[in-house]
Structure formats: C-alpha cells, structure tokens
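Structure record follows, encoded as structure tokens.
The values are calculated or read from the model by the stated rules, or taken from the named source; none is laboratory data. The structure displayed is predicted, hence computed values, not measured ones. Methodologically, a virtual Cβ is constructed for each residue, glycine included, from the backbone with ideal geometry; neighbour enumeration extends over all protein chains shown.
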Amino acid sequence: MIDSYTNRLIHETSPYLKQHAHNPVEWYAWGETAFHRATQEDKPIFLSIGYSTCHWCHVMAHESFEDSSIADYLNRHFISIKVDREERPDIDQIYMSVCQSMTGSGGWPLTIVMTPEKKPFFAGTYFPNESRGGRIGLQDLLVRIHEVWVNQRAEIDQTTTEIVNSLRLAQSSAPGPALSIEMAGVAATEMADHFDPEFGGFREAPKFPGPHNLLFLLQHTHLTGDPTFQAMALKTLTEMRLGGLYDQVGGGFHRYSTDSKWHLPHFEKMLYDQALLLMAYADAYSISGDDLYRRTIVDTISYITRDLGAESGGFYSAEDADSDGGEGKFYTWTTAEISQIVTPERFRQLRDDFSLADSGNFLDEHAHHSTGLNILHLATTPEKLADRFHISTEQWWEDWNRDRDALRQAREKRVRPGLDNKILTDWNGLTIAALSKAARALENPEYATLARLAADFVLENLRTENGTLEHRHTKGNDRIPGFLDDYSDLIWGLRELYETIFDPYYLAAAIELQKVQNRLFWDQTNGGYFLTSNEGETLITRQKEVYDGARPSGNSVSAANLFYLARMTGNSEWEAMVGKIGAAFSAQVRRVPSAFSGLLSAIAVSQSEFQEIVVVGDPNNSETRQMLREVQRGYDPCKVILFKDPKDQKMATLAPYTADYRAINGQPTAYICKNHACLAPVVGAKNLHNVWKKRLSRRE
C-alpha cells in the first residue's frame, strides 16, 4: 500500500472506501460534488464498485489503483468515483444490470465509465494493469476510452440513450397472469434436474450455498409429501458442513466453493450467509433431529457472536478472505503446524479424519500445483469416522472439540482477516430471524435473547423519528436512507422474534414498518416494490428486483411478510398484495422458475392449507408456556402463532379478531383456525397436546 497519498475517501465511514484512501487516484465518494466537477470539466466518470471482502477488488486495487502512472491518467482525464456496493445496493444494481446487458456477465470489481449525467457507455469487471493473455489492461483501456470521449461523442450519446431506455423499459412492464402453486413444482423439478447426487448442491463448480433454495425444497416436501426434495436439501446441508466451505476450526461458512466437493472455498465470510444458512439448518434440524445440524447451529452462532458481534447488540457485516498478504492464509494449515499443537496419537487420527497431506490437500486455484497447505474438511460423517476407530460418536466429538479449541487458540495468534464493521439493517434483520428460528428449533432462550438485543439495537439506532429506516449505522451525519431490503429483512426478523418470545412490541414494530414500506416503495401502477424509496435519490432508473441471488430479493421476502402478517392481523388487503407481487414479475418467473424460489415459497404457502393459532393465558403460568412450546415445536411453515395476555389489550389492537378470545374458566386456552374455519377452543395443556398429536399423525 502506498501511504504517501491521501485522498478524499479518508473522510468516509465505509471500510471499503477507506481501503482506497491512500491510493494516488483522486477518488470521490458518490455525490453531487463529483458530478458537478465532471460537468464543469467535461470529463467522463470512472466508476468503480466493490466491497471490502472482495478478493479481486483487492487485486485490482493493488495492481492498478496503487500504480502512479494509471492514477495520473485517471486524474487528468476522468473523475473517479468509488462505491461500496453494500452501502449503495441501488447504484450497484443499476450498473450491474448494465454490465450484464453489455457483456453477458458481471461481478466485482465492477468497472463502469459514464457521462456526468450518470449514463453509462462502457462496462466491465476486473482488468489487469497491463494487457496480457488477450485481456486488455486498464492502462490501454483508459487511453482508448479517452480517445472515444474526445472524438466520438455522438456515438457515446446514442449508446447511453439506448442503454437508459432499455433499463427503463425493463422496469415498466405490465402485470402478467397470476402465479400459482404449480409454478413452485416446476421450480423444484428444475432444481432436481441440476442436483449433484454425490456431493449435493446444484450445477457444476463454483458452487454457492443458496440457502433460500434449500428452505424452498424443505417447504416443498412439506406441502407435497414428496420426500425427494427434502432429501436433496438435507444432502446438500450435510456435504457443506463436512466440507471446507465450513470453517471446521472457528465455525461459520465461507462465501462459496470453487470445486464441486465443497472443499476449496473463497474464504470471505458474510453475515447474511451465516444468517440464511442458520435458518436452513434450523429447519433441517426440526425435521430430522440430526445432531450434526444441531452442532452446526451452535458453532455458527458462537462464530457470529464472537467474531461479528458488536458490543451494541448488532452484528458486523463480514470478514475478508485475505490476511497477511494472502487469500485464506488465516484458515489453512501445514501438517507440521497441526502436529505441534495436538498429540501424536490425535495427529494420526486427524490426518485420516480430515484428509491431511504433507504436500497439502488442495491445488492452487490458478496455478494448479500443490501448496503444502491443508483446508480442514471431513472425509465422511462423524458417525462413520467414529466407527473406523471403534469409538462412540460422542467420544469422537469430545476428542475433536478438544483439538479444535487448541487449533483455534493457535490460529488466533495469526494476522486476522480484515473486519468490515458496517452494521447494516437488512443483514441484521436476517440475523434476527435466524437467531429466533434457532432459539425455537433448539429450545434455547439464549439465542432469543441475542435476537432481541439485535432487534432493540436496530429499532433504537436505525429507525428514525418519523418511522423510516436507515440502511447503515453510523455515528456521523452521512446517513443512507433505507432500501426495500432493509424493511423486508427487518420485518422478517421481527416476525420470527415475535413468534419466539411473544412480546407484542416486536409484532407492532413489524406491522408499522410494513405500512411505511407500502407507502414508500409500492408500485401503484404495476405492483411489486421498488428497491428505492419514493423519497430517495433520483438515479437513471428506479429498479424493481425479484431475482433471488445470494439472498432472497426484497420482493420475495415482502411477499412472505405480507402473507404471514395478514394471517396474524386479519388484514386481507395485505394478503391480496401477495398475488399482485406474483403478477408483477410473472413473465420473469415463468422463464426460469427456479431462479425465484423465495417468491415461489411465499406464493405456495399462501395457496396451501394454513392455520392461525392463538393461545390465551397468563404469561407467568407454566401451563400457558407449555402450550406455547407445544405449538412451536416441529417444522411447519403453514401456521402462525399469537399469544394474548387477557390483562393486556395490545393483541386485540394488533389482531382485532382476537378481541373476544379469552381464557375459559381462567385456564389457558388455544384457539385454532384452519382454512378460515375454527375448531372449538382447546382448554389446558393436556387437551392441546392430544389435539396437536392427532394433527401431526394425520399429516404424517
């Protein structure tokens, strides 16, 4: 890093922007100052978008943005802007769409050249500093773009007009036919066609976890009774947990696997991946009772609280892939290192259990030669490993946990990967949901407490006086208004938290945020939600997104929120909006249904048999608590649970249909309605247990 330079980014709060504060490039953050200067000096904008844990962003920064000759050319002929895509997903989404349209692919770092009016005419991703191997280098590229800017302005104007018109046209399509539950079956079949039966996951390497797809498959088996789809999800969850994608020493999951066996990951760790995978493992544990899933939940929560937890109660965003000058250096081992930490006997077993080799157990991703390094991944399940050594599975875990703790202590002496300490509303919302689901699945109140603390932090620090949300927590004045995903993901978290601890404060917060979201983001003409608020910054187009990429889209999550909140509150208007979201994106979904599993999950459950359960009783009564635990247990996406304290009228306000529900003869009472028809009230825990047992046996 060249430290003799300091540019404007030194004043920014984003860790990614600060990483570039000592580049010789005269970077600007996104803002009118940069665009005004570009207009005044008649220069194009060089826009570079990335994020702090992006390995190739680091490579391009080191090769090009620290190069004084490239910096000098940029400074003379361009106005250079850096954007953290995690802070400004609206900007990233627009220009990524441009890149994919112009080049057929995308990724980060994202490189855009555009006019001072923010209209793009060139797009790409990573460029080396010099041309090589048939790939143009940034130095040559900048010269060519400058020549075009000076000599071919009319062609640039025509190109930008066509690009912007295409973007706007894509966002203005009329609603199509309503989506039905049958479309979920088509999506599930598509996933089955691409399933890897040997190692789990879908398609060829690189393999991404896609936890929302696994949640969809678990739900699809629940709705259809076909075990095929559940088996695919469980196989994938098991193989990911055994592989190097999972940090066997420290817990938590890396971003994705570069190979089909989940052995060789890209090593960054993202908060949203931990959250979504926790949800998938929580549902899988509720279904299967597999102890491997339980341990995965426990260790992943230990990781996020230990390494991503902020003292405030919120959670930081990510850890970098790189440390001490190399990618994955923090996570890999030589056999000599391990042999010095554990006993000789244990080293012999670990060599077998984790496929360790003196020459290393993976090849360099680019050079394809042995590295002498090992990524810890289990050769098979702990049960089978224990059988090899004629010990119990419990003994295997006891031995490994002791070794793991020793390895983690040794690893802590290394240079840690960089921490991206942004606290983002949307990713924290997902984490609140995950901790809440884990608390119910494992019946662990400590996880519910963690979820509650995070929810309190977000509501107290990222909700404004007028009830709107901010996207990122900051102590400065550089505020970023909330995006659709901030609302949808936080509402999801608050819903799950309410159904875990039954404090009406969190349900009320979810309902109020849903009202604000509808006011600020809903497309009154064509349905669905825009990514940006109608009070936000005006960009070249206002995007609507439904594709479920690394995480489910804001529209997908919103469809689920609207349906579940509608069933909780009796708000039929919100339930009708679910169908309008489906119709708004109907054409896109029908082309490749499996790319929209989050939305189709919501559509499917909204068209299936569904139950509303209200338990009325004294919250301090042990029998009341027993009844709540009874209806919480197990996996069932087709129910909502409300709790009403007869002495508190809050629930009657939030869900008016509960106004006349009472504790019959002073005893805790459950009111169960299915498909808009209600059973007779069930009084007492014993009677509820019998009713619930019959219900479960009929479903099985």
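Figures for the structure shown
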{"item": "Some residue of segment 13-23 being within 18 Å of Asn129 (Cα to Cα), touching a residue at least 60 places away in the same chain (Cβ under 8 Å) and not basic (Lys, Arg)", "result": "yes"}
{"item": "Number of positions in segment 490-538 that are on the phi > 0 side of the Ramachandran plot and out of contact with any Leu (no Cβ under 9 Å at 6 or more places or on another chain)", "result": "2"}
{"item": "Unmet criterion (only one of (1) within 22 Å of Ala174 (Cα to Cα); (2) not in a helix (DSSP H, G or I)) for Glu537", "result": "(1)"}
{"item": "Out of Thr474, Thr431, Thr500, sole residue that is touching a Lys or Arg at 6+ places or on another chain (Cβ under 8 Å), among the hydroxyl-bearing types (Ser, Thr, Tyr) and either modelled with pLDDT under 95 or outside any loop (DSSP other than H, G, I, E, B) (or both)", "result": "Thr500"}
{"item": "Filtered residue count, segment 342-351, keeping only those that are in a loop (DSSP other than H, G, I, E, B) and crowded, with 17+ Cβ neighbours inside 10 Å", "result": "1"}
{"item": "Among residues of segment 300-341, those that are assigned to a helix (DSSP H, G or I), of a type outside the set (A, V, I, L, M, F, W, C) and within 15 Å of Ala406 (Cβ to Cβ), counted", "result": "2"}
{"item": "Test set (1) in a helix (DSSP H, G or I); (2) closer than 22 Å to Asn213 by Cβ; (3) hydroxyl-bearing (Ser, Thr, Tyr) - Ser260 fails condition number", "result": "(1)"}
{"item": "Of all residues in segment 640-696 being of a type in the set (Gly, Ala, Ser), within 18 Å of Met627 (Cα to Cα) and out of contact with any Leu (no Cβ under 9 Å at 6 or more places or on another chain), the one that is surrounded by the fewest Cβ atoms within 10 Å (Cβ to Cβ)", "result": "Ala680"}
{"item": "Qualifying residue in segment 618-634 (condition: under 16 Å from Thr658 (Cα atoms), buried (at least 22 other Cβ atoms within 10 Å of the Cβ), touching a helix residue (DSSP H, G or I) at 6+ places or on another chain (Cβ under 6 Å) and not hydrophobic (A, V, I, L, M, F, W, C))", "result": "no"}
{"item": "Per-region count, segment 68-99, residues more than 22 Å from Val148 (Cβ to Cβ) and not in a helix (DSSP H, G or I)", "result": "7"}
{"item": "Residues satisfying the stated conditions in segment 310-323, i.e. buried (at least 18 other Cβ atoms within 10 Å of the Cβ) and among the small types (Gly, Ala, Ser)", "result": "Gly313, Gly314, Ser317, Ala318, Ala321, Ser323"}
{"item": "Phe521, sole failed condition from (1) touching a residue at least 40 places away in the same chain (Cβ under 8 Å); (2) farther than 23 Å from Asp645 by Cβ; (3) buried (at least 22 other Cβ atoms within 10 Å of the Cβ)", "result": "(1)"}
{"item": "Hits in segment 360-402 (condition: loosely packed, with under 12 Cβ neighbours inside 10 Å, more than 32 Å from the chain's Cα centre (by Cα) and closer than 30 Å to Ala321 by Cβ)", "result": "His369"}
{"item": "Matching residues, segment 228-278, being of a type in the set (A, V, I, L, M), crowded, with 24+ Cβ neighbours inside 10 Å and in contact with a helix residue (DSSP H, G or I) (Cβ under 7 Å, 6 or more places away or on another chain)", "result": "Met232, Ala233, Leu237, Leu271, Ala275, Leu276, Leu277, Leu278"}
{"item": "Condition check for Gly326: crowded, with 18+ Cβ neighbours inside 10 Å, closer than 26 Å to Leu363 by Cβ and more than 16 Å from the chain's Cα centre (by Cα)", "result": "no"}
{"item": "Conditions (1) in contact with a helix residue (DSSP H, G or I) (Cβ under 8 Å, 6 or more places away or on another chain); (2) among the hydrophobic types (A, V, I, L, M, F, W, C); (3) in contact (Cβ under 8 Å) with a residue 24 or more places away in the chain: number failed by Ile375", "result": "(1)"}
{"item": "Selection from segment 668-692 of residues that are without any contact (Cβ under 8 Å) to a residue 40 or more places away in the chain and under 16 Å from Val616 (Cβ atoms)", "result": "Cys678, Leu679, Ala680, Pro681, Val682, Val683, Asn687, Val691"}
{"item": "Residue satisfying condition, being buried (at least 22 other Cβ atoms within 10 Å of the Cβ), under 30 Å from Pro445 (Cα atoms) and not polar (S, T, N, Q), within set Tyr506, Tyr529", "result": "Tyr506"}
{"item": "Selection count where residues are over 27 Å from Arg294 (Cα atoms) and either surrounded by 18 or more Cβ atoms within 10 Å (Cβ to Cβ) or among the polar types (S, T, N, Q) (or both), scope segment 584-610", "result": "17"}
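Let's see how each residue does on (1) more than 24 Å from Ser553 (Cα to Cα); (2) assigned by TED's automatic domain parsing to the domain that holds Thr538; (3) out of contact with any helix residue (DSSP H, G or I) (no Cβ under 9 Å at 6 or more places or on another chain):
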| site | (1), (2), (3) |
| --- | --- |
| Glu86 | no, no, no |
| Val98 | no, no, no |
| Ser105 | no, no, no |
| Thr115 | yes, no, no |
| Pro128 | yes, no, no |
| Arg153 | yes, no, yes |
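Condition check ((1) outside the structural domain of Leu245 (by TED's automatic domain parsing); (2) in contact with a helix residue (DSSP H, G or I) (Cβ under 9 Å, 6 or more places away or on another chain)) across all residues:
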residue	(1), (2)
Ala379	yes, yes
Arg408	yes, no
Ala439	no, yes
Ala451	no, yes
Ala455	no, yes
Val458	no, yes
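For (1) more than 15 Å from Arg255 (Cα to Cα); (2) at pLDDT below 95, each residue gets a yes or a no:
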| site | (1), (2) |
| --- | --- |
| Arg203 | yes, yes |
| Phe208 | no, no |
| Leu215 | yes, no |
| His222 | yes, no |
| Ala233 | yes, no |
